[in-house]
Number of protein chains: 2
Amino acid sequence: MGKTIGVIIDFLTDDYRRQIDAAAAKHGWKTRYFPDSRSAVGNADDCEILYGHCSQKVIASAKSLRWFCCCWAGVDRFCKDELYQNPDCLLSNSSGAYGLTISEHLIMTSLMLLRRQLEYSELIRTGGWDTLPGNIHSLYGCRITVLGAGDIGTQFARRAKAFLPARIVGVRRSAKPGDPAFDEMRTNDELDAVLPETDLLVMALPNTPDTAGILSRERMALLPKGAYVVNVGRGAAVDQDALIDLLNSGRLGGAALDVVVPEPLPAEHPLRGAKNLLLTPHVAGNMTLPYTQQKSIDMFLEDLENYLAGKPLRHAVDRKRGY
Amino acid sequence: MGKTIGVIIDFLTDDYRRQIDAAAAKHGWKTRYFPDSRSAVGNADDCEILYGHCSQKVIASAKSLRWFCCCWAGVDRFCKDELYQNPDCLLSNSSGAYGLTISEHLIMTSLMLLRRQLEYSELIRTGGWDTLPGNIHSLYGCRITVLGAGDIGTQFARRAKAFLPARIVGVRRSAKPGDPAFDEMRTNDELDAVLPETDLLVMALPNTPDTAGILSRERMALLPKGAYVVNVGRGAAVDQDALIDLLNSGRLGGAALDVVVPEPLPAEHPLRGAKNLLLTPHVAGNMTLPYTQQKSIDMFLEDLENYLAGKPLRHAVDRKRGY
């Protein structure tokens, strides 16, 4: 009797199912599809591999688990060793599946801030038809800083470059050379020197101890008056109280947050009333985009071949490092 | 005594004033600044040149007028010969000043439609925090048709190309080769053949007898189910009643109109209630963007040199053709 792959993905279609079944059958493996994590808890003991949107409970209960391929890019919840019954259990993520959709979200929200689309939407919603007093702004000539220059930050920089910004600076932990779309690469240590020359700060960082609170009140104050902040990494990277203060006082020109603390954001949370703040409900890396779905499946099937051949996983996560 | 340039621009700053004064003084000309068109009617008889946001009444009343340099790109209102006291009066426009800002509007609104940002904004506004059921879409792999491949359409195509669409087809009146950003150029006669292969139709046409009603009910029906329409040219190009019907029935996925009939759009107009319709109050070519302001002034000053040297105006409009 062959071994079993358990699948829990909320975007399952007949086509995706056929792709996964075919790859498994080629090696004599079986597949089991669970409609959601709840139904899988305690019922996945036969699964050596799990792929998808699994809860921590599913992972903790899976007795035979040797590899968990996570559909998300952010896997901080799955990096604790004690979660796994088998201490050598492999973990991989879908980092690389989201750059395309998140970069489109970043361009959209950046332009919405620069062009005052929040105010225009409200004006139209309330029956008006006017040009607002004061200026709008443009990506042309804009000084952009991308904090977190991985797949998401790089895909954003490539698209932003077509809008002829003055400069795109990438900032990351290590001093590796960046994609040619970046005019310059700096390290996190140099962030304080970069912020005063930043009109638009784009944050696409994983959630690690290093990145929590990285955009502190002090750092926000280093940005020029009227600067914009966009965050698609993890909410914990931003001091939300400081952000609310600086938006409401007009010190910052606007912000767009796709990630916040807590999620879901309560209806009465003060972030919802902040001036010029564009909120989206953690959908920048939208798994309802067919491209992203297929890309995640492709990455899983690629690593399935690696796993079955005894090779290292291409999308493996170092549980100690957190990404 | 030198001759006089009259200026009526609603974005006048000390810096712009200095630039215009310096260029005039170099040739011994004077400048007169009017706060608005109303104050200029009947008071601009000494102006051989007028530059800016002039009303038809100002133009009709200006006895010495020999050149009107219009701040707008669309000058259909100024193409009637009988408007001018001097039948040889020259007309120029600021076509070329708007491509940058309108192309950013086009990318922003296209992404807002594809990513269902109208629905997400409403969800956040009403206190929610969820992922909407169903798919979003992407510019990646999108089949884009740009109707009107002038400065605006071309600037849009250059930016859209960075998002890796499947194909960008430009459509225009003449069969001239287009910018390399277009994968293919077609003529207006071939529009009916292009529409069935169009996921996103971007319209950036001048208002001429040829373009009025060009997106008729019949042509809209040629678009694939779920297609998107964005218009930044003139409202008269679109059959608005048909658009409302096709949006409300779900036949079209969404539309973004920056130009409508009439403007200003009344608060109770049926367009305001149409499903998945993003309205903006004719601000795509936003004169509150400093780049656009400076570009318009640069174009005027360039042609001022041409005018004073007896050379043809670079931005001249053919009043018979309408652009």
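Figures for the structure shown
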quantity: Residue exposure sequence - A:Ile49, B:Ile124 - by fewest surrounding Cβ within 10 Å; calculated: B:Ile124, A:Ile49
quantity: Euclidean distance of C-alpha centroids, the stretch A:262-280 and the stretch B:78-101, integer Å; calculated: 47
quantity: Convex hull per residue volume in Å³, alpha carbons only, for the stretch B:1-82; calculated: 93
quantity: Residue closest to axis [chain B; rotation mapping onto A; Cβ; Å]; calculated: B:Ala162, 2
quantity: Other-copy label distances relative to A:Arg314, 7 angstrom Cα-Cβ extension, nm; calculated: 5.0
quantity: The stretch B:138-238, Rg to Rh (Cα coordinates; Rh as Kirkwood inverse mean 1/r); calculated: 0.92
quantity: Label point 7 Å beyond Cα along the C-beta direction, distances from B:Arg173 to other copies (nm, shortest first); calculated: 6.0
quantity: Largest-first principal axis extents of the Cα set of the stretch B:40-112 (Å); calculated: 48, 21, 16
quantity: Rg/Rh for the stretch B:284-323, where both radii come from Cα atoms and Rh is the Kirkwood radius; calculated: 1.08
quantity: Area projected by the alpha carbon convex hull of chain A, averaged over all directions, nm²; calculated: 18.4
quantity: Ranked A:Asp210, B:Asp199, criterion: other C-beta atoms within 10 Å, fewest first; calculated: A:Asp210, B:Asp199
quantity: Hydrodynamic radius by Kirkwood, which averages 1/r over all alpha carbon pairs of the stretch A:9-138, in angstrom; calculated: 18.2
quantity: Alpha carbon convex hull of the stretch A:99-279, volume per residue in cubic angstrom; calculated: 118
quantity: Label 7 Å beyond Cα on the Cβ vector: B:Gly127 copy-to-copy distances, nm; calculated: 2.5
quantity: Only Lys, Arg (+1) and Asp, Glu (-1) charged, at Cβ; the stretch B:265-321 dipole about Cα centre in debye; calculated: 300
quantity: Partner chain coverage, peptide B:290-299 - average Cβ within 10 angstrom; calculated: 1
quantity: Per residue, the convex hull volume that the Cα atoms of the protein assembly as shown enclose (Å³); calculated: 174
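Only the coordinates and a few stated rules stand behind these numbers; no lab work does. Just so we're clear, the structure is a prediction, and the values are computed from it rather than from any experiment. Positions of Cβ are generated from backbone atoms using ideal geometry, with glycine treated the same way; all protein chains shown enter the neighbour counts.
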